[in-house]
Structures are given as structure tokens and as C-alpha cells.
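Data block below; observations after.
The values are calculated or read from the model by the stated rules, or taken from the named source; none is laboratory data. These figures come from a predicted structure and were not determined experimentally. Using ideal geometry, Cβ is built from the backbone for each residue, glycine included, and neighbour counts are taken over all protein chains shown. What goes into the accessible areas is simple: the full protein's heavy atoms, side chains included, and nothing from ligands, DNA or RNA. Shrake-Rupley method; radii C 1.70, N 1.55, O 1.52, S 1.80 Å.
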Amino acid sequence: LRVDLHIESQRVASVVSDIVRCYGVSLVRDRAVVLLDAVGFSLQSPLVQMAMLNSLSYSVNSAYAQLLSKNIKIDFARTTTGDGFYIWNRATTAEANSELYRLMMMILADNAVAQRKARSAWVPKLRAAFHVGEHYEFQQVEGLNPTNFSYIVGQVTVDLARMLERALPGQI
């Protein structure tokens with residue numbers, strides 16, 4: 001829903017947009033989403049599972065920092081799948097989907113370097129999928145307070161899960 005309201009201050013407009021997003025649901029039609037899956041995750045102890053997700057999170061943040069250093073700005077969000085992450089770019093620019101693809105490749109590269117250096121099973125072997133499609137984005141409300149984390153659900157997440165079922169460890 002677009003409201004024809006003119007707000008002089010960009011800062012105020014951004015705050016209003018953030019407030020609306022916290023309590024709303026957005027249907028996004030053609031946005032890329034990445035699904036990263038830690039292979040063999042469920043076979044590990046809870047401590048190793050936590051370490052694997054932490055390692056994957058580190059790779060995501062490291063990849064993001066690398067892209068920022070090259071002036072590639074991604075407004076990415078992620079949500080856990082339990083054994084990995086969905087990641088998407090909230091930006092609506094023409095380059096948003098290709099920038100997300102770059103982020104995925106940098107994450108996989110960082111993970112591969114970490115795997116070569118690792119002395120334990122804490123760095124997960126990954127499977128990855130990239131797809132463009134439709135999804136809903138929302139934030140769950142806990143009590144009276146919205147969370148700061150977004151979730152997605154929709155056809156693109158279903159398609160990604162089906163793609164990943166067929167992927168072998170190390171495949172995209």
C-alpha cells in the first residue's frame with residue numbers, strides 16, 4: 001500500500017517506514033533469495049550445531065564486509081531455517097538480485113577458506129541455492145513488542161527447499 005504523504009525529513013520517513021514494516025506483511029514478487037544449508041547438521045551434538053551456525057554467521061558477516069569495502073551496499077536480511085539461513089536483499093534496485101548473488105558467492109568462498117583452515121567439524125560443509133520468486137516478509141510480534149528480525153514464506157522458499165533436496169554437499 002502506497003500512501004501519498006510528503007515527509008520533508010528523510011530520517012523521519014525512514015522511521016515511519018520501519019514502524020509500518022514492524023507491524024505489516026509485505027508481498028514481494030520478484031526478489032532473489034539464497035538458501036544456505038549446513039550438511040549433516042542434524043547428526044551433530046547441540047554444541048557443534050551452535051558452533052556451525054556461528055561459523056556460517058561469521059561467513060555471512062565477513063562476506064558482507066568484503067562487499068561493503070568495494071562499495072557494494074546490500075540491505076540484506078536473514079532468518080534461520082534451523083540448519084542454515086534464508087538470506088534476501090531488501091533493496092529494490094535493478095542490481096539487488098545480482099548483488100545478493102555476489103554475497104552468496106562471497107559467503108561460500110569465506111566458508112571454503114574456513115573449512116581448509118579448520119581443525120574441527122565446527123565449520124559446516126554447505127549446500128546453497130539461489131532463486132528469484134515471490135514471498136511474504138513479516139516480523140512476528142512477541143507480546144506487544146515487534147521483533148527486529150524478519151521472516152519470509154512463499155513460493156520462492158518452497159522452490160529453494162526442493163532445489164536443495166537434490167543438491168549434493170558443496171553444490172549450488
Subject >> When residues of region 118-134 are limited to those that are in contact (Cβ under 8 Å) with a residue 12 or more places away in the chain and among the basic types (K, R), the one least open to solvent (accessible area, probe 1.4 Å) >> reply: R127
Original post:
If the Cβ limit is 7 Å and pairs must be 6+ apart or interchain, which residue in region 47-59 that is without any contact (Cβ under 8 Å) to a residue 60 or more places away in the chain and farther than 13 Å from Q115 by Cα pairs with which residue that is open to solvent by less than 100 Å² (accessible area, probe 1.4 Å) and in a helix (DSSP H, G or I)?
Top reply: Q49/F41
Original post:
Picking from V12, V34, V25, which residue would you name as being open to solvent by less than 30 Å² (accessible area, probe 1.4 Å) and of a type in the set (A, V, I, L, M)?
Top reply: V34
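Okay, residues lined up against (1) farther than 28 Å from V48 by Cα; (2) open to solvent by 40 Å² or more (accessible area, probe 1.4 Å); (3) in contact with a Gly (Cβ under 8 Å, 6 or more places away or on another chain):
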| position | (1), (2), (3) |
| --- | --- |
| Y64 | no, yes, no |
| T79 | no, no, no |
| E99 | yes, no, no |
| R116 | no, yes, no |
| Y136 | yes, yes, yes |
| Q139 | yes, no, no |
| E142 | yes, yes, no |
Subject >> Whichever residue in region 81-96 is within 25 Å of P124 (Cβ to Cβ) and of a type outside the set (S, T, Y) and, among such residues, is surrounded by the fewest Cβ atoms within 10 Å (Cβ to Cβ) >> reply: G82
Original post:
Mind checking which residues of region 37-53 are exposed (fewer than 12 other Cβ atoms within 10 Å of the Cβ) and not small (G, A, S)?
Top reply: L43, P46, L47
**OP:** Go through (1) over 19 Å from V28 (Cα atoms); (2) under 13 Å from the mean Cα position of the chain (by Cα); (3) not in a strand (DSSP E or B) one by one and return the number of the condition A128 breaks.
**Re:** (3)
Original post:
Here are V34, V28, V15: which of them is modelled with pLDDT under 80, among the hydrophobic types (A, V, I, L, M, F, W, C) and closer than 26 Å to E95 by Cα?
Top reply: V15
**OP:** Look at V12 and say whether it is of a type outside the set (S, T, N, Q), outside any loop (DSSP other than H, G, I, E, B) and without any contact (Cβ under 8 Å) to a residue 24 or more places away in the chain.
**Re:** yes
Subject >> Scan of region 144-169 for residues that are in a loop (DSSP other than H, G, I, E, B), crowded, with 17+ Cβ neighbours inside 10 Å and modelled with pLDDT of 85 or more, ordered by number >> reply: G154
